[in-house]
Amino acid sequence: MNYSVDKKKSDEFSLVLGGPLFQLFIRARLTNDTLGLVKRRVIVISLFAWLPLLVLSVLAGEALGGAIKVPFIYDVDAHVRFLGAVPLLLVAELVVHQRMKLTVQQFIERGIVPAQSLPEFEALIGSAMRLRNSVAIEVSLIVFVLTATHYLWASHMALESATWYAAIVDGNRQYSPAGYWYAFVSIPIFQFLLARWFFRIFIWARFLWQVSRLDLHLVPTHPDRAAGLGFLGGSTVAFVPLLLSQGALLAGLIANHIFYEGKTLLDFKPEIVAAVFFLLLLVLGPLCVFAPRLAQVKRQGLLEYGALANRYVREFDDKWLRGGAPLDEPLIGSGDIQSLNDMAGSFEVVQTMRPFPFSKTTVLQTVIAGLAPLLPLTLTMISLEDLVKRLVGILL
């Protein structure tokens, strides 16, 4: 098998290294062909979305207070969104680019994609990259962000109180100068970056689904208990910055409602639970496309290794319990005992195969990464002094 040629093809796989916006960033010297200059990209984009809000709100006297209920400086959601979530979305691009390429290479290096399926595998990579580079898709995302998602933010996520970006007059929201930049520039920038990430996850899920339909070489006795696909579970670490950005976004939204609308963290239990399920679906959902193949491999493995084990134990029984062993062959030290134990171990591995190519630990890590930004909000339910006292009491 020509691994050098195949690996070169898999090197082309990247969920983020392409598309019209990527080309625009290259021309603006905000990135290069390997997604470098990430600090420059983070600073320019974050400040382009956030700094005009600060300047315009200062000029309008809405930065620190006045007659409005939520000044700009105290708007937790705005700061977290543009100084926390946006940088994390941009950092996630570099992490995913580096790790996903290695993950795709594992299909070849581990021999999971056999030689006869390599042309199809390479065609799937090419199809995914063409979809990633689609101009029509990115234009559609921009239109979607400026229409549907803008309406969703304005009608369901914006505060109903008088804020630095809008006043409520006769039940209608009237934007301030800073509010116009916020609603029609800053928010769409964030929503487009986020929507583009969702599209990339779709490309990843589509690619994995297509790969799952190839003639793969999966071994039911593989010690990862996923027929050799356990490496896919490790790929979820690449999405940790994306998970943190979503958790930070949720934390910012909840914080504003707690501080300015009198709600508590427990009022948002349904939203938090829904966010957890959404993040699990976002990161682990694409890997679930292998569940039917893994179930098939397990059924076939139980049949084949069950028949093999049955033949071996019958021969063992005939030899050592029914008088079939030679008189000069001692039982002590015989390799038959170790072989019997090895056979039992192989059959147990097949029996305990997981239905998905990830473990419970991976699920827990995903949940923790998504909920970590919410931890500071627990202080709204208990004072810092009481929290310190309880911690000291536990430790002492």
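Things worth noting here:
- Ordering of 358-367, 95-104 by packing is 95-104, 358-367, highest average first (other Cβ atoms within 10 Å, averaged per residue).
- Using a probe radius of 1.4 angstrom, the carbon and sulfur fraction of the accessible surface of region 188-282 is 71%.
- The HN-Hα couplings worked out from phi for region 142-148 by the Karplus form 6.51 cos²θ - 1.76 cosθ + 1.60 (θ = phi - 60°) are 5, 4, 4, 5, 6, 10, 5 Hz, whole numbers, x standing for Gly and Pro.
- Among the listed pairs Lys269/Lys360; Lys101/Lys298; Lys39/Lys69, those with a Cα-Cα distance over 31 Å are Lys39/Lys69.
- Summarising the amide proton neighbourhood of Ala166: residues at separation of 5 or more, or on other chains, whose placed amide H is nearer than 5 Å comprise Ser176.
- For region 209-311, the gyration tensor built on C-alpha atoms gives a prolate shape. Its axis ratio a/c (a ≥ b ≥ c) is at least 1.5, and a/b is the larger of a/b and b/c.
- Whole-Å distance, taken between Cα centres, linking region 175-229 and region 59-109: 17 Å
- The H on the amide N of Arg173, modeled in the peptide plane, is under 5 Å from the matching H of no residue at least 5 residues off or on a different chain.
- Region 346-356 - phi-based ³J(HN,Hα) in whole Hz, Karplus 6.51/-1.76/1.60, Gly and Pro as x: 5, 5, 5, 4, 5, 4, 9, 4, 7, x, 10
The values are calculated or read from the model by the stated rules, or taken from the named source; none is laboratory data. None of these values were measured; they are calculated from a predicted model. In this analysis, Cβ positions are derived from the backbone assuming ideal geometry, glycine residues included, and neighbour counts consider all displayed protein chains. For accessibility, only protein heavy atoms count, side chains too; no ligands or nucleic acids. Shrake-Rupley method; radii C 1.70, N 1.55, O 1.52, S 1.80 Å.
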